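The values are calculated or read from the model by the stated rules, or taken from the named source; none is laboratory data. Small disclaimer: the values here were computed from a predicted structure and weren't measured. Here Cβ is always computed from backbone atoms with ideal geometry, including for glycine, and neighbour counts include all displayed protein chains.
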Amino acid sequence: MSEFFNFCAGPAMLPTPVMTKAQQEFVNWQDTGSSVMELSHRSDIYMAMAVQAEADLRELMSIPDNYKVLFCHGGGRGQFSAVPLNLLAQDKTADYIVSGSWSKAAAVEAKNFGKINVININQDTASQSSLMESQKWPLNPEAAYVHYCPNETVNGLEINTIPETNGVPLVADMSSTILSHEVDVSKFGLIYAGAQKNIGPSGLTIVIVREDLLGHAQIATPCIMNYKTAADNNSMYNTPPTYAWYLAGLVFQWLKDLGGVEAIAKINQAKAALLYQAIDDSDFYQNIIDTEYRSKMNVPFWLKEDSLNEKFLVESEAAGLTALQGHRMVGGMRASIYNAMPFEGVQALVEFMQQFEKRNR
Ligand SMILES: *Cc1c(COP(=O)(O)O)cnc(C)c1O
């Protein structure tokens, strides 16, 4: 088999050593004679694995003791509802920073559950796509929380510094950036992430929430979305996504063996630098995002000649570089280069892009 590199935005590629290990123990996990997915989530052996996975995530992200880590269902979009249901009292408003399509969708959903103040920070000109710097965001000091999306998966926009909210709880949708570089968790009230980009398979959602934010949910909050219920039951109020939890645990171990978040951040930095350099050095490809806000996880790029898009996709696929088609709302190409994408994958893409340019200019 020749090598394939999968640039899908999500569900995304997983580390090969993780999948190999999962395959080896697929039908007989830890000599139980069963697959991990056939075991009760309340069995001692499963619980031990679950506890270890949480401990590893806490270690990787240096999560302080006054934060709960919840293993939930419902994906990123489930949290678009759960966040206001749990944190937005009826007499309060919440600030929603809109920087791209996911943060916009979060704001639209939140409007179903309370008063939302939308703050659009896009600053686009014909030649450049940029954002308003966070010091200038017109935040409401009385808001219940400020919601933002540090990495816009579709648009390829990343906010690199943590905004100062002067005591108002900061809520971040980190679905496509969690574990890609170090963050100071203590600066956040709540962090959530669907697993299928940088953690594991789909079906699992991680919520990291400061304890003082628990216990204020709206009365109509479904029990499976109530953070306090989840926390009080160690994320096992109902059956958790057991196989996804197990695979996430394997990914956390893989990341620890690699040297942790600090080590992967260096590799991610190098991958993104190589790809943006190749785009900027060429007049055949372009990315018009302000260098300050370019995503290190999702790199959209456009061929100057639109008519070559189809050919680019067919030939890159044939070269083992899969799923490069851009999001339907944005067009062009998008290379998602999450933690599991090795440096060699980006090298292979850059080489292909340069050869394609030579053949078609
Ligand atoms: C993928 C993604 C989502 C949606 O996740 P689902 O699990 O499909 O609901 C939300 N936010 C961001 C930033 C994403 O990248």
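Of the listed requirements (1) at pLDDT below 95; (2) among the aliphatic types (A, V, I, L, M); (3) surrounded by 13 or more Cβ atoms within 10 Å (Cβ to Cβ), residue 329 misses just one: (3).
If you go through region 301-347 and keep only what is in a loop (DSSP other than H, G, I, E, B) and of a type in the set (D, E, K, R), you end up with 304, 305, 328. Evaluating residue 90 against the criteria (1) away from the ligand (no atom under 16 Å from the Cβ); (2) at pLDDT 95 or above leaves one unmet condition, (2). Within region 196-211, is even one residue away from the ligand (no atom under 16 Å from the Cβ) and among the acidic types (Asp, Glu)? For region 196-211, residues away from the ligand (no atom under 16 Å from the Cβ) and among the acidic types (Asp, Glu): present.
Restricting to region 93-126, name every residue that is farther than 15 Å from residue 159 by Cβ, of a type outside the set (Val, Ile, Thr) and part of a strand (DSSP E or B). Within region 93-126, 94, 115, 117, 124 qualify. Taking the condition within 30 Å of residue 70 (Cβ to Cβ) and acidic (Asp, Glu), does residue 292 pass? Criteria not met by residue 292. Checking each residue in region 90-110 for being closer than 14 Å to residue 189 by Cβ and surrounded by fewer than 20 Cβ atoms within 10 Å (Cβ to Cβ) picks out only 92. Looking at region 71-83, can you tell me whether even one residue there is farther than 22 Å from residue 228 by Cβ and of a type in the set (A, V, I, L, M)? Among the residues of region 71-83, not one is farther than 22 Å from residue 228 by Cβ and of a type in the set (A, V, I, L, M), which makes the answer no. Might you let me know whether region 108-120 holds any residue that is within 14 Å of the ligand (Cβ to nearest atom) and farther than 21 Å from residue 224 by Cα? Yes; the residues of region 108-120 include at least one that is within 14 Å of the ligand (Cβ to nearest atom) and farther than 21 Å from residue 224 by Cα. Taking each residue of region 250-261 that is assigned by TED's automatic domain parsing to the domain that holds residue 48 and looking for partners that are among the basic types (Lys, Arg) and assigned to a helix (DSSP H, G or I) with beta-carbon atoms closer than 7 Å, six or more apart or interchain, yields 250/21.
Among the residues of region 143-189 satisfying the criterion of being of a type in the set (Gly, Ala, Ser) and assigned to a loop (DSSP other than H, G, I, E, B), which is farthest from the ligand (Cβ to nearest atom)? For region 143-189, the residue satisfying everything is 167. Restricting 17, 11 to those that are within 16 Å of the ligand (Cβ to nearest atom), closer than 30 Å to residue 352 by Cα, at pLDDT 95 or above and not in a strand (DSSP E or B) reduces the list to 11. On the basis of being among the small types (Gly, Ala, Ser) and closer than 18 Å to residue 86 by Cβ, does residue 172 make the cut? Against the criterion (among the small types (Gly, Ala, Ser) and closer than 18 Å to residue 86 by Cβ), residue 172 qualifies. Criterion applied to 62, 81 was being more than 16 Å from the ligand (Cβ to nearest atom) and hydroxyl-bearing (Ser, Thr, Tyr), and the one residue passing it is 62.
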